[in-house]
């Protein structure tokens, strides 16, 4: 996807998928990288920087994946900050975030509950053998750390063509997953494992959802989706870490909370408990809350739909 796509709403929406949804925000410099790093503190942060047209980093002809190296710490860089403070500490994360938020400008605080406990739902949809085949099909070898621009261009082009071929293959299989279609695609370089995958999927289902299979493949090309179902103690520590971060940050204008439970990225059996702890922290920090539970309407609508016979 060329970087210029982010400036054309309709085109952008058609291009976004699970593996690249965050890139427009990266290009705009709206992302402060934070991720759970295990107890006791639970967060890590990296200051955002613009990564696209207008930022002096990438031209409009470059694909979104090309410049993300600028967001990675340099080889051999120390984990601590300049003043010796651990970048994994809640205190440091709070300082990073508060430096990005003005006391006078409104902002929206978005909290995703799968930060506190995260499941890879694809692991329950496919067998380990099928998942291993997907890893092989979608495997991606990135450029060398000091690669020249020409090598970067070649690497990106190879990746684009690889993903286009895989998307086309699974689209064809959605229409007809017979032997002729499978044979035609497995004759292409790197596609031989497709035959074993289709055979395994059809052994478990008469009509495999090949579009979903492709989405699963996009999540395991080089690094898998995170999968760590937290203990109650770990959830409590992460909630406490977030509270310490928010204490150092000006109050938001609006708070949105993504439960991430319908797609099961946050375990269904834990999401209500996590939500109650997060809301308790928000009420402690900001006073009485006016909570609108949009998900309840969606769940009711789903429950009212007639079951297929």
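Values quoted throughout were computed directly from the atomic coordinates according to the rules given, and no laboratory measurement underlies them. All of these numbers come straight from a predicted model, not from anything done at the bench. Heads up, the Cβs are rebuilt from the backbone with ideal geometry, glycines too, and the neighbour counts pull from every protein chain shown.
Which whole-number percent gives the relative contact order of region 125-218, counting Cα pairs below 8 Å spaced six or more residues apart? Before the final figure, lay out the partial values.
Numbers: 56 pairs, mean separation 36.3, N = 94.
About 39 percent, as a whole number.
So how much slack lies between residue 215 and residue 91, counting 0.36 nm per residue of separation and subtracting their Cα-Cα distance, in nm? Kindly include the intermediate steps, with their values, before the conclusion.
On the way: separation 124, 0.36 × 124 = 44.64 nm, distance 3.70 nm.
Length gained between residue 215 and residue 91: 40.9 nm.
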- Using 17 Å as the cut-off for backbone N distance, which residues of region 233-251 belong to the label zone defined by a point 7 Å from the Cα of residue 103 along Cα→Cβ? 247-251
